[in-house]
Amino acid sequence: MKKTNQFLKIGKKEFKSRLLVGTGKYSSLDVMQQSLINTKCEIVTVAVRRIQGLEHGHKGLMESIDWKSKWMLPNTAGCSNAEEAIRIARLGRELAKLAGQENNNFVKLEVIPDKKYLLPDPIGTLKAAEQLVKEGFTVLPYINSDPLIAKQLEEIGCATVMPLGSPIGSAQGIRNAANIAMIIEESRIPIIIDAGIGVPSEAAQALEMGADGVLINSAIALAKNPILMAEAFSKATEAGRGAYLSGRLKEQLLANPSSPLDGVISNN
């Protein structure tokens, strides 16, 4: 079923922008600030553990973002099991309250024991998601492009699912298009493509496929000109959504002339 709703609705909140943006890996907070402005995003994800640990690039990050105009999406990056992710999610909710968002129960759930390929653990993700939903969180789980896991997470009450296009930071683009198409087709909740997107055309592709949004971090932060790339991703996301709603021309084997042949002047 075609998803024609005007806004991106996650849980009880609605957002105009379908571009979610991360805050890691920028060369400076100033570059990050200007990049966030250029994306026109409304949801910004922050790594709770890195904020708490004041890791490189994260000191002063909370103070550098206008949390009156950006909705915080705390994430459990760095957690390798369900128990750890649940604990960090709870800390993330407190972090959102400190930023003035008292009713913010959002959490981007990441359970990643694999340090080489950074692939999410489906069993740990399901376990953590089930508990966090019970605690009233609006859960956005990061998953492999697995239609069965996606459906299970939907059924236990997750607000959305976030399948990877390809491994985190790999810039390989959408390598699992067939599986992602199945997830989109079968879902009754928003689908946000997270990880692997390297250029704006791939973000547009995700939206053209029917995804409800994309989350971008490395492709903007590590670009030679992040501020310009941020603007490009904003435009690509809007273009992809417009193309999806418009309905693309169907592919066919034979050529089909764009000008009608009726009334063509004959040489006879």
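Some points to look at:
- Taken together, the criteria place E238 among residues that are modelled with pLDDT of 95 or more, of a type in the set (D, E, K, R) and farther than 15 Å from I37 by Cβ.
- Where a residue in segment 135-152 is over 15 Å from I192 (Cβ atoms) and its partner, wherever it lies, is assigned to a strand (DSSP E or B) and among the small types (G, A, S), with Cβ under 7 Å and at least six apart: none
- Within the option set A171, A211, being aliphatic (A, V, I, L, M), within 19 Å of G22 (Cα to Cα), at pLDDT below 95 and in contact with a helix residue (DSSP H, G or I) (Cβ under 9 Å, 6 or more places away or on another chain) holds for one residue only, A171.
- Of residues in segment 150-170 being under 19 Å from G210 (Cβ atoms) and among the aliphatic types (A, V, I, L, M), the one surrounded by the fewest Cβ atoms within 10 Å (Cβ to Cβ): A159
- Restricting segment 11-53 to residues that are at pLDDT 95 or above and part of a loop (DSSP other than H, G, I, E, B), the residue that is nearest to the chain's Cα centre (by Cα): R18
- Qualifying residue in segment 80-95 (condition: small (G, A, S), at positive phi, surrounded by fewer than 18 Cβ atoms within 10 Å (Cβ to Cβ) and touching a residue at least 12 places away in the same chain (Cβ under 8 Å)): no
- Boolean, K116 is in a strand (DSSP E or B) and among the charged types (D, E, K, R): no
- Yes/no for G100 being over 15 Å from the mean Cα position of the chain (by Cα), surrounded by fewer than 23 Cβ atoms within 10 Å (Cβ to Cβ) and either outside any helix (DSSP H, G or I) or β-branched (V, I, T) (or both): yes
- In segment 193-204, the count of residues that are in contact with a strand residue (DSSP E or B) (Cβ under 6 Å, 6 or more places away or on another chain), within 17 Å of K108 (Cα to Cα), buried (at least 21 other Cβ atoms within 10 Å of the Cβ) and not aromatic (F, W, Y) is one or more.
- Residue that is surrounded by the most Cβ atoms within 10 Å (Cβ to Cβ) [pool: residues in segment 207-218 that are over 10 Å from the mean Cα position of the chain (by Cα) and closer than 21 Å to E14 by Cβ]: L207
- Checking each residue in segment 74-89 for being assigned to a helix (DSSP H, G or I), closer than 15 Å to L126 by Cβ and β-branched (V, I, T) picks out only I86.
- Single residue of segment 219-234 satisfying the filter (buried (at least 16 other Cβ atoms within 10 Å of the Cβ) and of a type outside the set (G, A, S)) that is farthest from I37 (Cα to Cα): L222
- Residue in segment 134-147 that is closer than 19 Å to I220 by Cα and either within 13 Å of the chain's Cα centre (by Cα) or surrounded by fewer than 19 Cβ atoms within 10 Å (Cβ to Cβ) (or both) present: no
The values are calculated or read from the model by the stated rules, or taken from the named source; none is laboratory data. Because the structure is a prediction, the values reported are computed rather than measured. Here the Cβ is made from the backbone with ideal geometry for all residues, glycine too, and neighbour counts use every protein chain on show.
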